[in-house]
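*Asks:* This is the structure I want to talk about, given as structure tokens.
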Amino acid sequence: MKKTTASTDARVKIIPLGGLEQIGMNMTAFEYEDSIIVVDCGLSFPTDDMLGIDLVLPDITYLKQNIDKVKGFFITHGHEDHIGALPYVLKEVNVPVYATKLTLGIIENKLKEHNMMKQVKRKVIKYGQSVNLGCFRVEFIRTNHSIVDAASLAIFTPAGVIVHTGDFKIDYTPIFGDSADLQRFGELGKKGVLALLCDSTNAIRAGFTSSERTVGHTFDNIFAEHSNSRIIVATFASNVDRVQQIINSACKYGRKVVVEGRSMVNIIGTAMELGYINIPEGTLIDIEQLKNYPDEKTVLITTGSQGESMAALSRMASSIHRKVSIKPGDTVILSSTPIPGNEKAVARIINELSMQGANVIFQDTHVSGHACQEEIKLMYSLVRPKYSVPLHGEFRHRKAQAGIAESLGIPKDNIFMLNSGDVLEMGMEGAAVVDQVTHGAVLVDGLGVGDVGNIVLRDRQNLAQDGIIIVVLTLEKYSNQLLAGPDIVSRGFVYVRESENLMEEAHAVVETATYDCLNKGVTDWGKIKNVIRDSLGDFLWKRMKRSPMILPIIMEVDL
């Protein structure tokens, strides 16, 4: 392996492929000469205008173009926005994956679903352990987050040391394991750190993030106050510490626990196997056994705290869950804060649950897994980087972190507000954005990956907004005489039975346009379709101020 001691003329490239303009899809490549390593490989969930889309993946064109250089993936923790794209990406860039024990256990669940366990090399890394790959040495450092086994990374390169925090907070009283290894961050800072790539998600919030342990006291109080009702708690499937505290409160008050929701069952099962959660024997029961216990002696832990339409809680709220129905008097706890963009969905769930008589509790039942301003200041003070690169968040979050870095004495010229695809080249002598690589979003729709693009999405949006009108006509093969039609079919535009006059006028417009073309001897079907589309489009806009998608279909018959 090449030496990783800093050289004054060496320059390393940092290339974010996602995670900068949004919460999610985190992925950053580090390149030096013939070596590339990638930190995290996350997905994001579709926005409201991505109709029919299931998942959004980062564009890995650059990695595929340089596949001979790519040495491995280093994963900071097991949340979807950091691991969710791995099964898709590894099919095209199959290199080893390095992660801590629980993180790798969750990744293996995903690989099993995609039948990829045999193809992908994986290695569990312990805190303090390093991995040598190409020109890089990567050390895993203990940190805290809303999932166990989260890690920051110290990336040793010939140009200097880069610290990537991953998603982090500093929790002095974590539920499982130890507090963040602040000593190691300080040691790195004393020796000299080239750049700090730091989580920005909570950079707009003052103060410190509360310890996860505080939520346990809240659960105890809620369980005590609602001792006569069934309790349903919705939280993130990956928040193993939160689930542990719910189980602790359930045991304290003599309740049996049901875990519901596929992702919840999978992750809790993995955590139990690996020893990251302690569930007393006899506490867990199958959902089929609920009927054998009084409501006040049961707790359901479920997915759906973000209002996801197909999650277990959403199906309960909509009365379409096969095994659980919301009853008047149920206590439902939403133990999460809505991710930006999910507020409407969460509000809808709360309303639906309340209409069915449930008592919904959603305040003070959650603490963030991300560092607030004072913890970010502490990280900068320990690491003392030459350059600051705010990561993980929308522009406003990263801008807030840039302000924090500047207040701590980092020169403004040494703070880089990157965009996805930027190539930031840096060394001891200076840093600058020198290039832009292919980047963006790859959309997953069902089993199709990347086959739905901007044009298809635009068509779906047009269909959703104004509907479609199909014009069908039949021409004789050789003479081009009109044999049948034009017939007009409307879907999502107007209700035909109540708009007969409009449809008759539209029919006349299409008929006139068709005969004009045929009488002029036009034989090019493309031109005929364009004339029909333009004539009908102009008519409908003048009459209705709407622009439905117009799809002319010409059939040919040989008499």
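*Asks:* Quickly run through segment 111-131 and pick out the residues that are hydroxyl-bearing (Ser, Thr, Tyr) and surrounded by fewer than 16 Cβ atoms within 10 Å (Cβ to Cβ).
*Replies:* Once the filter is applied, which keeps residues that are hydroxyl-bearing (Ser, Thr, Tyr) and surrounded by fewer than 16 Cβ atoms within 10 Å (Cβ to Cβ), segment 111-131 yields only 130.
*Asks:* How many residues does segment 149-169 contain that are surrounded by fewer than 24 Cβ atoms within 10 Å (Cβ to Cβ) and part of a loop (DSSP other than H, G, I, E, B)?
*Replies:* Residues in segment 149-169 being surrounded by fewer than 24 Cβ atoms within 10 Å (Cβ to Cβ) and part of a loop (DSSP other than H, G, I, E, B): 1 in total.
*Asks:* If you go through segment 397-419 one residue at a time, do you hit one that is modelled with pLDDT of 90 or more, assigned to a strand (DSSP E or B) and either polar (S, T, N, Q) or closer than 27 Å to residue 43 by Cα (or both)?
*Replies:* First, the residues of segment 397-419 that are modelled with pLDDT of 90 or more: 397-419.
Checking which are assigned to a strand (DSSP E or B) leaves us with 415.
Those still in the list that are either polar (S, T, N, Q) or closer than 27 Å to residue 43 by Cα (or both) too: 415.
Scanning segment 397-419, I find at least one residue that is modelled with pLDDT of 90 or more, assigned to a strand (DSSP E or B) and either polar (S, T, N, Q) or closer than 27 Å to residue 43 by Cα (or both), so the answer is yes.
*Asks:* Just the residues that are over 19 Å from residue 374 (Cβ atoms) and at pLDDT 95 or above, please, taken from segment 193-218.
*Replies:* 193, 194, 195, 197
*Asks:* Can you tell me which condition residue 293 does not meet? The list is (1) surrounded by 15 or more Cβ atoms within 10 Å (Cβ to Cβ); (2) touching a strand residue (DSSP E or B) at 6+ places or on another chain (Cβ under 7 Å), and all the others hold.
*Replies:* (1)
*Asks:* Which numbered condition trips up residue 33, out of (1) in contact with a Pro (Cβ under 7 Å, 6 or more places away or on another chain); (2) modelled with pLDDT of 90 or more?
*Replies:* (1)
*Asks:* Scanning for something over 20 Å from residue 230 (Cα atoms), in a helix (DSSP H, G or I) and out of contact with any helix residue (DSSP H, G or I) (no Cβ under 8 Å at 6 or more places or on another chain), does segment 291-303 turn up at least one residue? Show your work before the answer.
*Replies:* Step one: list which residues in segment 291-303 are over 20 Å from residue 230 (Cα atoms), which gives none.
Looking for residues that are over 20 Å from residue 230 (Cα atoms), in a helix (DSSP H, G or I) and out of contact with any helix residue (DSSP H, G or I) (no Cβ under 8 Å at 6 or more places or on another chain), one finds none in segment 291-303, hence no.
*Asks:* I want to confirm something. Restricting to segment 257-268 and keeping residues that are of a type in the set (Val, Ile, Thr) and not in a helix (DSSP H, G or I), which single residue is surrounded by the most Cβ atoms within 10 Å (Cβ to Cβ)?
*Replies:* Result: 259.
*Asks:* Can you find, within segment 7-48, the residue that is surrounded by the most Cβ atoms within 10 Å (Cβ to Cβ) among those that are assigned to a strand (DSSP E or B), under 22 Å from the mean Cα position of the chain (by Cα) and small (Gly, Ala, Ser)?
*Replies:* Only one residue fits best here, namely 18.
*Asks:* Count, please, the residues in segment 275-290 that happen to be in a loop (DSSP other than H, G, I, E, B) and among the acidic types (Asp, Glu).
*Replies:* Total meeting the criteria: 2.
*Asks:* Which residues, taken from segment 223-235, are surrounded by fewer than 23 Cβ atoms within 10 Å (Cβ to Cβ) and in contact with a helix residue (DSSP H, G or I) (Cβ under 8 Å, 6 or more places away or on another chain)?
*Replies:* Hits for segment 223-235 are 223, 227, 228, 229.
*Asks:* Right, next: Only residues that are exposed (fewer than 14 other Cβ atoms within 10 Å of the Cβ) and within 19 Å of residue 465 (Cβ to Cβ): list them for segment 512-543, please.
*Replies:* Within segment 512-543, 538, 541, 542, 543 meet the criteria.
*Asks:* Which condition number does residue 254 fail, the rest of (1) closer than 16 Å to residue 222 by Cβ; (2) outside any loop (DSSP other than H, G, I, E, B) being met?
*Replies:* (2)
*Asks:* So, one more: How about segment 310-392: which strands (runs of 3 or more DSSP E) wholly inside it have at least 2 residues that are of a type outside the set (A, V, I, L, M) and buried (at least 18 other Cβ atoms within 10 Å of the Cβ)? Full working, then the answer.
*Replies:* On the way: elements: 331-334, 359-361, 385-391.
Result: 385-391.
*Asks:* Go through (1) aliphatic (A, V, I, L, M); (2) in contact with a strand residue (DSSP E or B) (Cβ under 6 Å, 6 or more places away or on another chain); (3) not assigned by TED's automatic domain parsing to the domain that holds residue 324 one by one and return the number of the condition residue 182 breaks.
*Replies:* Here residue 182 meets the rest and fails (2).
*Asks:* Output the qualifying pairs, or none if there are none: Cβ atoms under 7 angstrom, residues six or more apart or on different chains, first residue in segment 255-273 and free of Cβ contacts under 8 Å to residues at least 12 places away in the same chain, second residue buried (at least 18 other Cβ atoms within 10 Å of the Cβ).
*Replies:* Qualifying pairs under 7 Å: 265/259; 272/279.
*Asks:* Looking at 160, 166, 177, which one is in contact (Cβ under 8 Å) with a residue 12 or more places away in the chain and touching a helix residue (DSSP H, G or I) at 6+ places or on another chain (Cβ under 9 Å)?
*Replies:* 166
*Asks:* Another one. Could you please tell me which pairs satisfy a Cβ distance under 6 Å, a separation of 6+ or placement on different chains, a first residue in segment 544-558 that is surrounded by 14 or more Cβ atoms within 10 Å (Cβ to Cβ), and a second residue that is in a loop (DSSP other than H, G, I, E, B) and at pLDDT below 80?
*Replies:* From segment 544-558, the pairs are 548/493.
*Asks:* Okay, next question. Taking the conditions exactly as written (surrounded by 22 or more Cβ atoms within 10 Å (Cβ to Cβ), more than 22 Å from residue 171 (Cβ to Cβ) and touching a helix residue (DSSP H, G or I) at 6+ places or on another chain (Cβ under 6 Å)), does residue 271 satisfy them or not? Walk me through it before giving the result.
*Replies:* Details: surrounded by 22 or more Cβ atoms within 10 Å (Cβ to Cβ): yes; more than 22 Å from residue 171 (Cβ to Cβ): no; touching a helix residue (DSSP H, G or I) at 6+ places or on another chain (Cβ under 6 Å): yes.
No.
*Asks:* List, please: which pairs have Cβ atoms under 8 Å, are six or more places apart or on different chains, and start with a residue in segment 134-147 that is farther than 16 Å from residue 167 by Cα and end with one that is charged (D, E, K, R)?
*Replies:* The qualifying pairs are 134/2; 134/34; 134/69; 134/71; 135/2; 135/33; 135/34; 136/71.
*Asks:* Looking at (1) without any contact (Cβ under 8 Å) to a residue 24 or more places away in the chain; (2) within 16 Å of residue 379 (Cβ to Cβ), find the lone condition where residue 117 falls short.
*Replies:* (2)
*Asks:* Sticking with this structure for a sec: Restricting attention to segment 61-89, and to residues there that are surrounded by fewer than 20 Cβ atoms within 10 Å (Cβ to Cβ) and of a type in the set (S, T, N, Q), which single residue is nearest to the chain's Cα centre (by Cα)?
*Replies:* Step by step, filter segment 61-89, then rank; the result is 61.
*Asks:* I would also like to ask the following. Select from segment 401-421 the residues that are farther than 24 Å from residue 58 by Cβ and polar (S, T, N, Q) and list them in ascending order.
*Replies:* Within segment 401-421, 407, 414 qualify.
*Asks:* Counting only residues that are farther than 25 Å from residue 12 by Cα and aliphatic (A, V, I, L, M), how many does segment 144-196 have?
*Replies:* Within segment 144-196, the first condition is being farther than 25 Å from residue 12 by Cα, and the residues that meet it are 144-150, 169-183.
In the following step, the residues that additionally are aliphatic (A, V, I, L, M) were identified as 147-148, 150, 170, 175, 180, 182.
Residues that pass the stated criteria total 7.
The values are calculated or read from the model by the stated rules, or taken from the named source; none is laboratory data. On a predicted model such as this, the values are computed, not experimentally measured, just so you know. FYI the Cβ positions are ideal-geometry reconstructions off the backbone, even for glycines, and counts take in every protein chain you see.
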